[in-house]
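Please treat every number below as a calculation from the coordinates, not as lab data. These numbers come from a predicted model, not from an experiment. Backbone-built Cβ (ideal geometry, glycine too); neighbour counts: all protein chains shown.
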Amino acid sequence: MMQAGEVLVTLPTLTYNPAGSMPILDERSLEFLSHSPDQTRRIGVRLGELLEGGHLICLAGDLGSGKTTLAQGIARGWGSLDPVTSPTFVLIHQYRRADSQFLYHFDAFRVGGVGEAQDLGLGELFEDGGPLMIEWPERIAGMLPEAHLWISLRWLDESRRGLEFHARGAEYERLLRAFRKAAFGG
Ligand SMILES: Nc1ncnc2c1ncn2[C@@H]1O[C@H](COP(=O)(O)OP(=O)(O)O)[C@@H](O)[C@H]1O
Ligand SMILES: [Mg+2]
């Protein structure tokens with residue numbers, strides 16, 4: 001469970017919306033405000049604990065919005081033995097777990113497009129069976145499987161980020177419900 005007071009906004013049971021203009025979201029969506037990198041990581045841990053083989057997590061948002069920070073939490077929650085860093089020259093990271101499973105992390109920031117992503121072997125990663133996180137997924141939108149969890153991160157100020165989760169497909173609606181329950185108890 002998150003500590004009391006950490007999460008100000010969860011929808012659809014909206015009680016307090018400091019951003020004011022955030023849209024009211026539906027059953028397939030969830031949004032909240034993170035106040036620190038650690039809080040973003042803890043949210044990631046809750047999601048990572050629920051990740052299963054084949055899950056695809058898309059992390060969208062500008063540079064510095066917190067995609068890699070969230071990915072660090074996800075990998076930790078999943079049980080990674082390896083730390084998540086983001087050396088800019090590596091596009092595909094793989095993290096090991098004690099049971100020899102792999103979690104993959106693809107950074108499409110420097111990828112020219114779908115063709116280049118194919119050449120790098122992203123298509124095989126979809127088939128591999130290990131869960132996969134993708135930063136800058138919009139750059140390779142044409143090759144993304146329809147079913148996925150889409151997370152948009154937004155820079156609000158130096159320490160605050162807005163996070164929006166959107167489930168696409170029944171499996172991810174289930175995942176989002178489980179995540180909502182694990183992270184917020186509701
Ligand atoms: N609430 C927050 N959530 C995530 N990162 C934050 C937050 N507040 C400040 N930061 C800082 O913002 C930066 C996010 O960097 P990073 O996760 O690498 O972003 P991206 O991968 O989207 O480019 C880090 O320096 C992190 O410490
Ligand atoms: Mg990053």
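Among F165, F109, what is the fewest-to-most ranking by other Cβ atoms within 10 Å?
Going from sparsest to densest Cβ surroundings: F109, F165.
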Exercise for the section: Would you please classify the overall shape of the stretch 31-184 from the alpha carbon gyration tensor, given that a ≥ b ≥ c denote the square roots of the eigenvalues, rounded means a/c under 1.5, and beyond that prolate means a/b larger than b/c while oblate covers the rest? Expected result: rounded
Fill in the blank from the handout: Note to self: C-alpha centroids of the stretch 36-100 and the stretch 139-172 sit apart, in Å, by 13
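For each of I140, I92, count neighbouring Cβ atoms within 10 Å of the residue's Cβ, then give the residues from fewest to most.
I92, I140
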Exercise for the section: Set Lys and Arg Cβ to +1 and Asp and Glu Cβ to -1, take the dipole of the stretch 31-184 about its Cα centre, and tell me which of I140, L156, Y172 lies farthest positive. Expected result: L156
Problem - From phi via Karplus (6.51, -1.76, 1.60), per-residue ³J(HN,Hα) for the stretch 72-77 in Hz, x at Gly/Pro - result: 4, x, 4, 5, 5, x
Exercise for the section: Give the relative contact order (percent, whole number) for the stretch 31-184; include only Cα pairs under 8 Å separated by 6+ residues. Expected result: 31
Exercise for the section: Return S34, S80, S100, S152 ranked ascending by Cβ neighbour count within 10 Å, so the fewest neighbours appear first. Expected result: S100, S152, S80, S34
Practice task
Pop out the ³J(HN,Hα) list for the stretch 121-126 in order, Karplus 6.51 cos²θ - 1.76 cosθ + 1.60 with θ = phi - 60°, rounded to Hz; leave Gly and Pro as x.
Solution key: x, 5, x, 5, 5, 4
Problem - Cβ-defined net charge surrounding Q101, 11 Å radius [Lys, Arg +1; Asp, Glu -1] - result: -1
Handout entry: Distance between modelled label sites at F109 and R97, nm, 7 Å Cα→Cβ extension
Key = 2.7
Problem - Whole-Hz ³J(HN,Hα) from phi, Karplus 6.51 cos²θ - 1.76 cosθ + 1.60, for the stretch 131-138, glycine and proline x - result: x, 9, 10, 10, 8, 6, x, 4
Fill in the blank from the handout: So, with points 7 Å from each Cα along the Cβ direction, the K181-D128 label distance in nm works out to 3.0
Problem - Gyration tensor (alpha-carbon) shape descriptor, the stretch 135-186, a/c threshold 1.5 - result: oblate
